[in-house]
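A quick write-up on the structure given underneath.
The values are calculated or read from the model by the stated rules, or taken from the named source; none is laboratory data. Treat the numbers as computed from the prediction; the structure is a model and nothing was measured. Methodologically, a virtual Cβ is constructed for each residue, glycine included, from the backbone with ideal geometry; neighbour enumeration extends over all protein chains shown. Protein only, heavy atoms only, side chains kept; ligands, DNA and RNA dropped before computing areas. Shrake-Rupley method; radii C 1.70, N 1.55, O 1.52, S 1.80 Å.
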Amino acid sequence: MKIALIAHDGKKADMVHFLTGYKDVFHHKDIQLVATGTTGSHIEKSGIPVNKLLSGPMGGDAQIAAMVAEKTIAMVIFFRDPLDKHPHEPDVQMLMRLCDVHNIPLATNPATANLLFNELITRL
C-alpha cells in the first residue's frame with residue numbers, strides 16, 4: 001500500500017508530529033510512503049522511511065496526482081494551510097479532484113488522517 005504525504009510549509013511540523021504517532025506502522029513491509037520533496041525531508045529527519053519526489057511548487061503535487069490517476073496510491077494525507085496563499089494552488093485542486101474522481105481517501109487535517117490510519121491499522 002502506497003500512501004502519499006504532503007504538507008504546506010505551515011503544516012510540516014504537524015505532519016511530522018502526526019506520523020511519529022504511527023511510526024511502528026511504517027516499518028510494515030506492505031506500507032510504502034511517498035512525499036513531496038520538502039515534506040519528505042522533514043519526515044526523513046524524524047527517522048521515518050519515505051520516498052521523496054519533487055517539492056510541491058516544482059511539480060511534486062502533480063507527480064502524486066499522476067499516481068492517483070494511475071491508481072498506484074491508496075491514500076493521500078495532505079495537511080493544507082487554509083490561511084495562506086499557495087502559488088501552486090491549481091496543482092492542489094487537481095490532486096484533490098483526482099482523489100474524488102478515483103475514489104482515493106484524502107485527509108486534509110490530522111483528525112481525518114487519524115480516522116484513516118486507525119482503519120489501516122485494523123487491516124494490517
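Listed conditions (1) open to solvent by 40 Å² or more (accessible area, probe 1.4 Å); (2) more than 23 Å from GLU119 (Cα to Cα) are all met by ASP81, apart from (1). Every test in (1) assigned to a helix (DSSP H, G or I); (2) out of contact with any Phe, Trp or Tyr (no Cβ under 6 Å at 6 or more places or on another chain); (3) surrounded by 15 or more Cβ atoms within 10 Å (Cβ to Cβ); (4) among the hydrophobic types (A, V, I, L, M, F, W, C) is passed by LEU54 save one, and that test is (1). Residues in the stretch 1-30 that are without any contact (Cβ under 8 Å) to a residue 60 or more places away in the chain, open to solvent by less than 70 Å² (accessible area, probe 1.4 Å) and of a type in the set (A, V, I, L, M): VAL16, LEU19.
Filter the stretch 82-110 for residues that are of a type in the set (A, V, I, L, M, F, W, C) and touching an Asp or Glu at 6+ places or on another chain (Cβ under 7 Å); which is modelled with the lowest pLDDT? Per the criteria, the residue is VAL92. Just checking, does the stretch 20-36 include any residue being modelled with pLDDT of 95 or more and in contact with a Phe, Trp or Tyr (Cβ under 8 Å, 6 or more places away or on another chain)? There is at least one residue in the stretch 20-36 that is modelled with pLDDT of 95 or more and in contact with a Phe, Trp or Tyr (Cβ under 8 Å, 6 or more places away or on another chain). Within the stretch 1-51, the set of residues being more than 20 Å from PRO87 (Cβ to Cβ) and either small (Gly, Ala, Ser) or in a strand (DSSP E or B) (or both) comprises LYS2, ILE3, ALA4, LEU5, ALA13, GLY21, GLN32, LEU33, VAL34, SER46, GLY47, ASN51.
Could you check, for the stretch 36-48, whether at least one of its residues is farther than 16 Å from ALA107 by Cβ, open to solvent by 70 Å² or more (accessible area, probe 1.4 Å) and touching a Ser or Thr at 6+ places or on another chain (Cβ under 8 Å)? Walk me through how you get there before you give the answer.
Of all residues in the stretch 36-48, those farther than 16 Å from ALA107 by Cβ come to 37-38, 40-42, 44-48.
If we keep only those that are open to solvent by 70 Å² or more (accessible area, probe 1.4 Å) as well, we get 42, 44-45.
With touching a Ser or Thr at 6+ places or on another chain (Cβ under 8 Å) added as a condition, the list becomes none.
Among the residues of the stretch 36-48, not one is farther than 16 Å from ALA107 by Cβ, open to solvent by 70 Å² or more (accessible area, probe 1.4 Å) and touching a Ser or Thr at 6+ places or on another chain (Cβ under 8 Å), which makes the answer no.
The numbered conditions (1) surrounded by fewer than 16 Cβ atoms within 10 Å (Cβ to Cβ); (2) closer than 19 Å to LEU120 by Cβ are all true for GLU89 except (2).
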